[in-house]
Amino acid sequence: MDLIIQPLLRSLETGSVYALAALGIIIVMRTSLVMHFAQGSMGMFAGSAVAFTFNRYGVPLLTSILVGAAVAIFLGFFVDFAIIRRLKRATAVGKEIITLGLIMVFLGLAPIVFGTDPMNLPRIIPRGDVALGSASISYNGILNIAIGVFIALGLFLILQKTKVGLAVRATASNESTAKLMGIPTRNVTLMAWAVAGLLGMLAAVMIAPTTMVTPTYMTAVQVSALFACVLGGFQTFYGPVIAAYIIATCSNFLKLYASSAWGDQLMYLLILLFLLFRPNGLFGKTYMKKV
């Protein structure tokens with residue numbers, strides 16, 4: 001039983017990181033109609049700002065995270081206001097290529113701004129574990145799971161129960177109609193990019209203690225988050241979040257019981273096989289239009 005509980009606990013922690021990154025991608029996708037390939041690199045840049053502030057200036061970790069949050073919000077505002085809004089005549093593919101280009105921009109800027117040396121970022125809760133039989137999970141792991149679950153649930157409640165959420169859902173459904181109804185769609189998309197930046201920063205801070213903060217340390221998170229969006233379906237906000245936890249669980253169990261070296265590749269292959277039979281994902285829908 002412990003051979004199941006231990007990897008499951010690890011999967012919940014990793015899945016929370018993937019879920020936050022995937023939620024940022026889907027919020028931007030639904031409001032701006034842009035596939036946000038740069039979510040991971042923007043999160044990396046904000047996470048590097050946290051690590052740089054903490055290591056270089058000795059600022060307390062929580063204060064450093066607030067600095068990273070400010071950087072993430074600024075990046076979201078800047079990308080939407082200075083780049084995406086200037087691409088009205090660009091095709092959907094053109095906009096996606098722009099976000100791919102942003103990956104290279106942030107990968108190039110990070111060493112210039114923060115230096116080339118890898119940085120460490122400690123856990124928010126440095127020590128302490130909870131034992132569940134012979135399995136265990138750290139207090140910081142419980143915090144990461146709580147952050148992922150509560151932020152996802154909080155955003156879902158905001159989307160379903162508030163006027164702000166109604167504006168977001170209306171913009172996601174049909175931006176032109178939302179404009180005619182008086183919804184400030186530009187403010188909605190601006191807010192969506194800022195929220196995506198914050199979610200990316202949180203994912204970067206949560207995953208950083210398990211690795212070194214380098215320009216590429218969010219690459220695996222970005223790939224898994226994109227797969228979560230595809231597997232969960234782009235038509236809902238909750239689908240990619242659920243898929244993120246499924247991907248983390250499958251990956252950990254495949255690494256444990258199938259192949260430690262090829263676990264991720266096997267998981268991606270299973271996702272591709274699943275999509276052959278259900279191209280719209282777990283919760284995606286096919287919309288038919290009458291002509």
With only helices counted (DSSP H, runs n ≥ 4, each -39500 (n - 2.57)), the per-residue ellipticity at 222 nm for the chain, to the nearest 500, works out to -23500 deg cm²/dmol
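State the extension gain, in nm to one decimal, for the chain segment bounded by residue 81 and residue 278, taking 0.36 nm per residue of separation less the distance between their alpha-carbons.
Values: separation 197, 0.36 × 197 = 70.92 nm, distance 3.61 nm.
Additional length available on full extension: 67.3 nm.
First check a/c for the stretch 106-202, with a ≥ b ≥ c the square roots of the eigenvalues of its C-alpha gyration tensor; if it is under 1.5, answer rounded, and if not, answer prolate when a/b is larger than b/c or oblate otherwise. Walk me through the numbers on the way to the answer.
Numbers: a/c = 4.63, a/b = 1.54, b/c = 3.01.
It is oblate, given that a/c is not under 1.5 and a/b is not larger than b/c.
Averaging over all projection directions, find the projected area of the Cα convex hull of the stretch 2-214 and quote it in nm² with one decimal place. Display every interim value, and only then the final one.
Details: hull surface 52.9 nm².
Averaged projected hull area, Cα only: 13.2 nm².
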Please arrange 163, 179, 255 by how many other C-beta atoms lie within 10 Å of their C-beta, fewest to most. 163, 179, 255
Report the net charge of residues surrounding residue 77, where surrounding means a beta-carbon distance below 13 angstrom and charges are Lys +1, Arg +1, Asp -1, Glu -1. +1
In order over the stretch 177-191: 3J(HN,Hα) from phi, Karplus 6.51/-1.76/1.60, θ = phi - 60°, whole Hz, x for each Gly or Pro, gives 5, 4, 5, 5, 8, x, 7, x, 4, 5, 5, 5, 5, 4, 5
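Indicate the gyration tensor shape class of the stretch 1-103 (rounded, prolate or oblate), computed on the Cα atoms with a ≥ b ≥ c the square roots of the eigenvalues: a/c under 1.5 is rounded; otherwise a/b larger than b/c is prolate and the rest oblate. Mind dumping the intermediate values first?
Values: a/c = 3.06, a/b = 1.32, b/c = 2.31.
Oblate, because a/c is 1.5 or more while a/b does not exceed b/c.
Could you give the length gained by full extension between residue 130 and residue 211, i.e. 0.36 nm per residue of separation minus their alpha carbon distance, to one decimal place? The partial results should precede the final answer.
Details: separation 81, 0.36 × 81 = 29.16 nm, distance 2.22 nm.
Between residue 130 and residue 211, full extension yields an extra 26.9 nm.
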With a 10 Å Cβ neighbour count serving as the proxy for reagent exposure, in which order, fewest first, do 45, 234, 81 appear? 81, 234, 45
What ranking, highest mean first, results for peptides 108-115, 189-196 when packing means the other Cβ atoms within 10 Å averaged over each residue? 189-196, 108-115
If you plug each phi of the stretch 120-132 into the Karplus form 6.51 cos²θ - 1.76 cosθ + 1.60 with θ = phi - 60°, what whole-Hz ³J(HN,Hα) values come out, in order, with x for Gly and Pro? 9, 9, x, 5, 5, 9, x, 8, x, 9, 10, 8, 10
In order over the stretch 103-112: 3J(HN,Hα) from phi, Karplus 6.51/-1.76/1.60, θ = phi - 60°, whole Hz, x for each Gly or Pro, gives 4, 5, 4, 6, 5, x, 6, 4, x, 5
Students often forget the sequence filter, so: which aspartates and glutamates lie under 20 Å Cα-Cα from residue 95 once same-chain residues fewer than 8 apart are removed? 80, 175
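A short reminder: the numbers here are calculations on the coordinates, not readings from a lab. Since this is a predicted model, take the numbers as computed values, not measurements. We place every Cβ from the backbone using ideal geometry, glycine too, and count neighbours over all the protein chains shown.
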